[in-house]
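Working notes for the structure below.
Quick note: the coordinates plus some simple rules give every number you see, no bench work behind them. Everything numeric in this text was worked out from a predicted model, so none of it was measured. Every residue, glycine as well, gets a Cβ built from its backbone with ideal geometry; the counts of neighbours run over all protein chains shown.
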Amino acid sequence: MASVKLPESKIQELKEVCQKYDNKGSELINVLHGAQELFGYLPAEVQEIIADELNVSVAHVYGVVTFYSFFSMLPKGRNPISICMGTACYVRGAEKVLDEFKRILNVKVGETTGDGKFSLSCLRCVGACGLAPVVTIGERVYGRVSADDVKKILSEYA
Amino acid sequence: MAKVKTLADLRKMKDELRSKISLRENSDNPESMVQIKVSMATCGIASGAKEVMNHLINELDSENIPSVVTQTGCMGYCYAEPTIEVIKPGEQPLVFGDVTLKKASEIIEKYIKGGELVDGIIPDSYETIE
Amino acid sequence: MDIVKLTIDDKPVVVERGTTLLEAAKSIGINIPTLCYMKLEDLNFENKPGGCRVCVVEVEGRRNLAPACKTECSEGMVVHSHTVRVINARRTVMELILSDHPAECLTCAKSGNCDLQSMAQKLGIRELHYKGEQSRYKGDKSPAIIREMDKCIMCRRCETACNDVQTVGVLSAINRGFESVVAPAFEMDLDKSSCTYCGQCVAVCPTAALTERDSTWKVVEAIVNPQKTVIVQTAPAVRAALGEAFGMEPGTLVTGKMVAALKKLGFDYVFDTDFAADLTIMEEGAEILDRLSRHLNGDKEVKLPILTSCCPGWVKFFEHHFPEMIDIPSTAKSPQQMFGAIAKSYFAQQLKKKREDLVVVSVMPCLAKKYECTREEFQVNGDPDVNLSISTRELANLIRNANLDFGKLTDEDFDNPLGESTGASVIFGTTGGVIEAAVRSAYEMFTEKKLEKVDFMELRGMDGIRKASVDFDGLPINIGIAHGLGNARKLLEDIKAGKSEFHAIEIMACPGGCIGGGGQPYHHGDVEILKKRQKAIYAEDAGKPIRKSHENPYIQKLYKEFLGKPLSDKSHELLHTHYFDRKSKIEINQE
Amino acid sequence: MGKYKSHILVCAGTGCRASDCEGIVSNLESALEENNLNEDVQVVRTGCFGFCEKGPVVKMVPDNTFYVEVTPDDAGELVLEHLVKGRKVERLLYIDPDTKERISDSKHMGFYKKQYRIALRNCGFIDPENIDEYIARDGYAAMGKILESMTPEEATAIIKESGLRGRGGGGFPTGLKWEFTRKAQADKKYVVCNADEGDPGAFMDRSILEGDPHSVLEAMAICGFCIGADTGLIYIRAEYPLAINRLKTAINQAREYGLIGKDILGTGFNFDVEIRLGAGAFVCGEETALIHSMEGLRGEPTVKPPFPAEKGYNGKPTNVNNVETFANIPPIILKGSKWFSEIGTEKSKGTKVFALAGKVNNVGLIEVPMGITLREVIFDIGGGIKGGKKFKAVQTGGPSGGCLTEKHLDIPIDYENLLQCGSMMGSGGMIVMDEDDCMVSVAKFYLDFTVEESCGKCAPCRIGNKRLYEMLDKISLGKSSEEDLGMLRNLANVIKDTSLCGLGQTSPNPVLSTMDNFHEEYLAHVADGKCPAGQCKALMHYIIDSHLCVGCTLCNRVCPVDAISGEKKTPHVIDSSICIKCGACLEKCKFGAISVQ
C-alpha cells in the first residue's frame, strides 16, 4: 500500500526515536513529535512503522494523529505560513489577512501550493498579542499585518 | 556545578548570589536607600570617575549599606571631576567634587554612616540631569 | 460488603459501592434509557464512554445532569430519572443525534432493528428542531462488511469490540469534534486493512453504520436461473438463532422449519454444513493424531499444539498478527469450504454436471465466511467452491420476502447425501464444540476403544479461555479453548513464548463461538440470548442418534467411494489449504 | 571580575522576540564593547514585562528607566546617551496617553501602578536561564523550608489556609486538591503541571514559564512532597518552543544543583520532572483529557469521578495544577498563608494574571489583586479604549466565559462574581471590545473555536455546538426569527447541562451571556435585519447617494463583481443582489456618496 518510499537511513532514525522512548505505546505523542521533526510531516508509512515499533495498532496511531492539530499528514511548504487566529488577532482583523493569503496563493487552510513553496495554516495564539494580527512564515514573525501587506510579505520569498 | 547539599548550603549560596541582582531589587525603591550618582561623562572618566564608582560600590557593599550607585552625565562641574551626588533617604542631595578613592571612603565613613559633613561639597544651586 | 443507600425517583435503594445509577435503578425496576451503553456480561465487552448522554438523570446538589451509566451511587444521593429537565435534555440530545443522521429509515438495512430508531420512538421524537449540516464520510464496501459511516452516532461500541474484545485493532475514532468518526487507519477500505471480518462490530452497531454485504438478491437470481443447480448448506449455529428473527423465543431450534423454508425458496438441494463438519473432524482428527504420534515418537520437527482452522476470522487474524506461526494451525479447510469442494467435485460427478453449473450457497452465522469464499485458493479457474454466503439475518429476510409464514412451516429433512450429520458436527456451532467433536473421534481412533461417555462437560461453558485434560487411555491430552480473538491472542502469545502446555487448541473468533457470530440476529446487548442458543445446540447434539463424526455413514461412504482415507492425496487436494503471511510491509528505498 | 554597575534588562518573551529583541541584545553588547563598558554593564534577557503593546521593552537598572518600542538600531544610542553620557533617550520613553508626558520610571506608568505581582514576581526581573538569579531571589528557599521543618500535612495546611484556588479556570481550592491526592493510597503518585494554555488570546502561563521557569519546578517539588509523589510531569503546548527550551534549561540546571532529583538537600526526598508535549488540542486543558494525552491516547476526557486525585496518570493518584497556580506556591510558603489571604476578596485570595487584549490601548500581561474592578483594569491599566471609541464589552474566560458590559464594570473581579454575571474567571484571557464589535459575531467566533476544538466524544458538544454555531450564523445572515432565539437558548442550556466535560459544559456561555446582556442586538438582527455594529456583512447595504455622486466611475472600476453601473457623469447605482459588500467602492469614493446601511 505504500505510496511514499522512505529512505532507509531515515527509517533507522525513526526507529531510534522510538527507542529513545523505550518503544512504549504511552509515549506515542512524543514519538510522533520526533517523527514529524524528522520528516516534516507524518505520512502513512511513518505511522505504520511507529505502530509496529510501539506495538500499537495503526488505527490507534492514525486516531491520535488526526486528533491533534499539530500533526500533519501533508508535507509542509518550504515556507510554512501560519496565521494567528487567537482572539486578539481576530478582533484586529486576522481573518481579512487570512483571506488575502488564500486569495493570492489560491490554497485553502491546511494546503500547500502546487510548487511546494508555501503552505497555509492557522494557529491559536502565538502569544504575541501586542503585535496582533500576527503571521509567521517559518521562523519569522510579522506583526501588525494588514491585508495590504500580504503581497509585499510574499514577495520576500520570490 | 556543585550540588547544593543542604538547606544551609542553599542559604549561603543565596547570600552570595544576592549581590548579583541586588542592583535590580534596590532600583525598585531607591528612595529608601542611599543613592549616589557618579558623573561619568568624558571628563569624569578621564579623571578617574570609573574607579571611584567601582570603589563606592565595593565599599558600600562590604559595609552592607543599602545603596544604589548610578552613573549620570556631566553635572557641569568639570573643574571638580570626579563629582558625585549623594542622596540619603529623606535628605537633600549633596554634590561632592574632586572625589578621589580616599575621599570616597571618607564620604561613606563620615557622611553616609556618621551623618557628618565632609569637605568638598559643591554648595551652588544646580540642577542634576534627570 | 460496602453498601450505599440512595433514593431514585423517591424509592429507596441499597446497593453495593461501585454500582452505577443505571444498575441501581434497574434493580428497582426503573429502566433508564441508554444508547451508547452496552455490556455483555461474561464476554469481556463493556462499552460505556458516557458519550450519548441519553441516560442523563438529575442528582440533587449537582450543577449539571449526570450520565446514569457512568455515575456511581454514593451515600444519600437523591436521584430523579424523569423530571421535565431530564426529559427535555434527553429529547434535545436525541434530536441533535438525529439531526446528524440520514433519515432513511424506510429503506435502511437496520430498520426495525435499529437502536437509534427505537430510542427516537421511545422518547417520542416527532420533529427535529435543530437541523444543519450532516457529517459525510466515504463509503466502504468490503466483501463482508459495509461501512456507511454517515449513520455512525459515535457510540464507540465497534471500537470496543474491535480493540478491547477482539484486539484486532482495525478501528479507531479519528478526527475530532463534528468530523470525528470511527474508521480504519488512513480511512482505508476494510479490505486493505487487517480486518478479520469477524463482524463483531456489526453485531453491536446500534445503527446501519456497519452492516453485512447483502447477497440475498444474488441468491434469488441464481435460483431463478434455469441453467444453474443451486445447492444450499446451512451452518450449525443458524438453526439455533433463526427463529429469533420471527419472534420465537431465543434458543428455539428451527432446523426442520429452516429446511422447509429453503426448499420453498426454491433451492435444488438443501444440504447441511454439519456434514462437512463431520468431514472436518475426520481430516483434522487425523492430523491431530498424526502430529501427536510423531511427537510421542520424539520427532522434534513436529509443531504442537495444533490449532483448529475452521473459523475464517481466526485464520485471517493469525495471518496478520502471527505470520511466523502459520505452520501451526491445522491445514484442514473450514466446513463451509470442505462442503463447497465436495459439492463441486463428488456431488457434481453424481449429478453428472460441470462444476460451473452448480451454485453453492451457504447460510452462515458469520460475515467472515463471505470473505472466505472469495479467497483465491478456494476457487478453481475462477469458479469459487462456494459461490455465495449469506448470513442468518439475510436468510430471515429471504424468507420474509418470499412471504413464508415461518412459524407455521412443517418440518422437513435435509437432502442426501450431503445432508446427514452427527451430534458432533452440530456442536461446531458453539465454543468448545469443535474440539469436543474432535476428541470424540480422536479418542476412538487413537485408543481403538469405544468412547462410552461422549459429553465432555469440562470443555463446555462461556469462560473466555478454558483448559481441560482428557485422558486418552492413560495419556493425558491437554486441550485449550479460546473464543473471542482477544483470548486467542493470549494463548498465541504463550505459544510464541514457548509457555504453552497444550496439545490442541480450539479457537473461535466470535465470543461464544458461531452462536455469537456477526451474522446472527442482533442480540441488542442481551448476553442471555447467546447462552440460550448454546443450550439449544447441545440439546440438538444430545438428540442425535449418531454423535461421533466418524460414524456418519455418508462420511464413510464418501471416503470409500471418493477420498480414500483421511489425509490422502485426494483429501489434501480438496480438503486442505495453506496460509499466507499478511503482515503489512513497508517499502523501503534502498540508498 | 568587577561587579556590574548597571544592568540592562531586555524583555525576551515571545512577543518581544517577535520584534527582534535578540537583535537589540547583540547590538547592545557590541555597543558596550565599543565603549569599553562590557565589564561594567550586564545585559540580561528576562521574561515578559507584560507591556507587550509597547514591546520590545528595555529597562535600565539601577536608575529604572523604562524604554519602549526599542529597535536594534536604537542600541548604540542607548549605550552612548544613557550609559556614557548619562542622558535619557527621550524619544524612547513611554508617553502617558492622558498627560502626554514622557514617563521614565515604569512605576509611574498607569499600566503598572495598580498591578501586584506574585506569580509574575520574577518575570522581567531575572534571567530565566540562570538558576543563580532565581536562587538569589529566594529561589528554592520555600522548598528548603518545608523539606527541613515541615510535615506534608503542615505544608498542605499552609496552602489550604492561604485560600489559593486553581488559576486554570475552575477555581477549585488548591490545598484541598492536594489533600485529596495526599490521602489517596498508592505506590506511585504524580504531580502534573498543566501548561496546555489553549484559550485564544491568553498567554499567562507561557509568560511565567518563559520568565520564571524555576518557580514552577520548585512548586511542583513542594507539591510532590505534600502529596507523596516523586515524579512531576509538565504538559506543555508544542506551540511554545521558547517556554519548552527555557523549561528544559531550568530542569537541567536544577538537576545539576541537586535541587531536583534524588535526595534533595540531603533530606532523602526524591523528585524529578519530565516534559510532555501537547499537540494542539484545546480540550487537553481538561485534566482527564490531559492525562489521556500524556498516556499517548486521543485527548478525550472521561467522566469524573473518579477524579485524577484517585485515578489519574497510569491509573495512579495525580494532582493537576496549572502554571499560575504553581507560581503562587513558593511565596505563600515563604511569606505565610496569612500574608496571601489578606490579598483579594473574601472567597478569592491573592492575585490573578490576565492577558489583556483587544481594543485597549495597553495590550499586555497584567497581575492584579482579586477584587479589582474591570473598570480599573480596562481604563487605568489598559489605558482605555483604542482610538477613543466607546467601550462595549469585555470577554473573560475565553471560550468558556462570557461577555460583560458597562453595568459589570464596577463589580470586584473574583471567581463568584464573574460566574454570577454569566462569565467565568477562566484561565485569564480578557478581551476588550468596542462599539464596532458585533456580539452575535463574537459569540460565533467563540463557537467556531469550540466546534473545532470539541473532541467529539459526547453528542451534545459534538453536534450541539455545531448547531449553535449554525444558528448564530443564520442570525448573522438575517435568516432567523425571534422564535429561533428561544430554541437557541434551550439548546445552549441543554449543552451546558448534559456535556461530558468542562469544555462542553461552558461552551454555550459566550452565547448565553451575549443573549442576556445584548438582547437588543440579537433582536435587531432577527427582527429588523440589522447589525448595529455594522459587522454582519449580509445585513449591510451599500448605497450611492444620487445627489452626491458625480459619476466619476471610480467605484465602477474598483468593484470586483461589476455590481455598480451608471453612465459617466450621471449618478451610479449598486445592484445589491450582485454586491459582495467588500467595501472597495466606499474606500475609493472621493465624494462621500457611498454609505452603508
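For the residues A:S57, A:S82, A:S72, a GNM of chain A with alpha-carbon springs under 10 Å puts the largest fluctuation on A:S57. Between D:L477 and D:E154, the modelled label-to-label distance comes to 6.7 nm, taking each label 7 Å out from Cα in the direction of the beta carbon. The radius of gyration of the Cα set in the range A:9-51, together with its Dmax, comes out at 9.0, 25 angstrom.
A simple packing score, the average count of other Cβ atoms within 10 Å per residue, orders the peptides A:106-117, B:56-67 as B:56-67, A:106-117, with the highest score first. Using only alpha carbons, the range D:131-341 has a radius of gyration to Kirkwood radius ratio (Rg to Rh) of 0.93. For chain B, the fraction of alpha-carbon pairs lying more than 23 Å apart is 35 percent, rounded to a whole number. With contacts taken as Cα pairs under 8 Å at a separation of at least 6 residues, chain D carries a relative contact order of 11 percent. Label positions at B:D119 and C:K353, each projected 7 Å from the Cα along the C-beta direction, are separated by 13.6 nm. For the pair the range C:498-573 / the range D:122-175, the C-alpha centres are spaced 68 Å from each other. Placing a label point 7 Å from the Cα of D:S341 along the Cα-to-Cβ line, the residues of the range D:176-192 whose backbone N sits under 17 Å from it are D:176-179.
The tail of the calculated P(r) for chain A, taken as Cα-Cα distances beyond 27 Å, holds 35 percent of the pairs.
Could you tell me what a quarter of the Cα convex hull surface of the range D:160-230 works out to, in nm² with one decimal place? Let's see the in-between values first.
Details: hull surface 21.3 nm².
Here the figure is 5.3 nm², rounded to one decimal.
Phi-derived couplings, Karplus 6.51 cos²θ - 1.76 cosθ + 1.60 at θ = phi - 60°, listed residue by residue for the range C:180-197: 6, 6, 9, 7, x, 4, 6, 6, 5, 5, 4, 6, 9, 9, 8, 4, 8, 6 Hz, with x used for Gly and Pro. Averaged over peptide D:290-299, the number of partner chain Cβ atoms lying within 10 Å of each residue's Cβ comes to 6.
Measuring how big the range C:1-131 is from its alpha-carbon positions, Rg and Dmax come out at 15.9, 52 Å.
Modelled this way, with points 7 Å down the Cα-to-C-beta line, the labels at C:K218 and A:R140 are 6.0 nm from one another.
Based on C-alpha pairs under 8 angstrom that are at least 6 apart in sequence, chain C has a relative contact order of 16 percent. Among rounded, prolate and oblate, which fits chain D when a ≥ b ≥ c are the square roots of the eigenvalues of its C-alpha gyration tensor, a/c under 1.5 means rounded, and a/b larger than b/c means prolate? It is oblate, given that a/c is not under 1.5 and a/b is not larger than b/c.
Projected over every direction and averaged, the convex hull enclosing the alpha-carbon atoms of the range C:165-256 yields 9.6 nm². Fully extending the segment from C:V454 to C:E249, taken as 0.36 nm per residue of separation minus the present Cα-Cα distance, adds 71.0 nm. About its Cα centre, the dipole of the range D:90-149 is roughly 340 debye, where the only charges are +1 on Lys and Arg Cβ and -1 on Asp and Glu Cβ. With a Förster radius of 25 Å applied to the beta-carbon distance between D:K248 and B:A2, the computed FRET efficiency rounds to 0.75.
Projected onto their three principal axes, the Cα atoms of the range D:449-597 cover extents of 64, 28, 21 Å, largest first. Which shape class, rounded, prolate or oblate, goes with the range D:6-111 when its Cα gyration tensor gives a ≥ b ≥ c as root eigenvalues, a/c under 1.5 marks rounded, and past that a/b bigger than b/c marks prolate? Because a/c hits 1.5 or more and a/b fails to exceed b/c, the range D:6-111 counts as oblate. The calculated FRET efficiency for the pair C:E376 and C:D299, based on their C-beta separation and a Förster distance of 25 Å, comes to about 0.15. Over the range D:541-596, the alpha carbon radius of gyration divided by the compact-protein estimate 2.2 N^0.38 Å works out to 0.94. The calculated FRET efficiency for the pair C:E551 and C:D290, based on their C-beta separation and a Förster distance of 22 Å, comes to about 0.60.
So for the range C:105-212, Kirkwood radius off the Cα pairs, Stokes-Einstein at 10 °C and 1.306 mPa s: how many µm² s⁻¹?
So the translational diffusion coefficient is about 109 µm²/s.
Tell me whether the range C:219-283 comes out rounded, prolate or oblate; compute the Cα gyration tensor, take square roots of the eigenvalues as a ≥ b ≥ c, and use a/c under 1.5 as the rounded threshold.
Verdict is oblate for the range C:219-283.
Database remark: amide H of D:R45 closer than 5 angstrom to the amide H of D:V10 (H placed geometrically; neighbours at sequence offset of 5 or more, or on other chains; Pro and chain starts carry no H).
Coordinate range of the alpha-carbon atoms in the range D:300-452 per principal axis, descending: 53, 41, 25 Å. For the segment D:86-93, counting C-beta atoms of other chains within 10 Å of every residue's C-beta and taking the mean gives 3. Mean partner shielding of peptide C:179-187, defined as the number of other chain Cβ atoms within 10 Å of each residue Cβ, is 6. Computed per residue of chain C from DSSP H runs no shorter than four, each worth -39500 (n - 2.57), the mean residue ellipticity at 222 nm is -8500 deg cm²/dmol. Taking all Cα-Cα distances within chain C, those exceeding 44 Å account for 22%.
Return the ratio Rg/(2.2 N^0.38 Å) for the range D:351-434, where Rg is computed over Cα atoms only. Against the empirical 2.2 N^0.38 Å value, I get 0.94 for the range D:351-434.
Please compute the contact order of the range D:431-495 in relative form: average sequence separation of alpha-carbon pairs under 8 Å and at least six residues apart, divided by the residue count, as a percent. Over the range D:431-495, the number comes to 32 percent.
Our coupling estimate for the range A:86-102, obtained by passing each phi through the Karplus curve with A = 6.51, B = -1.76, C = 1.60 and θ = phi - 60°, is x, 4, 4, 5, 4, 5, 9, x, 4, 5, 5, 5, 4, 4, 5, 4, 4 Hz, Gly and Pro reported as x. Projecting the alpha carbon convex hull of the protein assembly as shown along each direction and taking the average yields 67.1 nm².
Taking 20 Å as the cut-off, the amide N atoms of the range C:169-213 that come nearer than this to a point 7 Å along the Cα-to-beta-carbon line of A:V109 belong to C:175-181.
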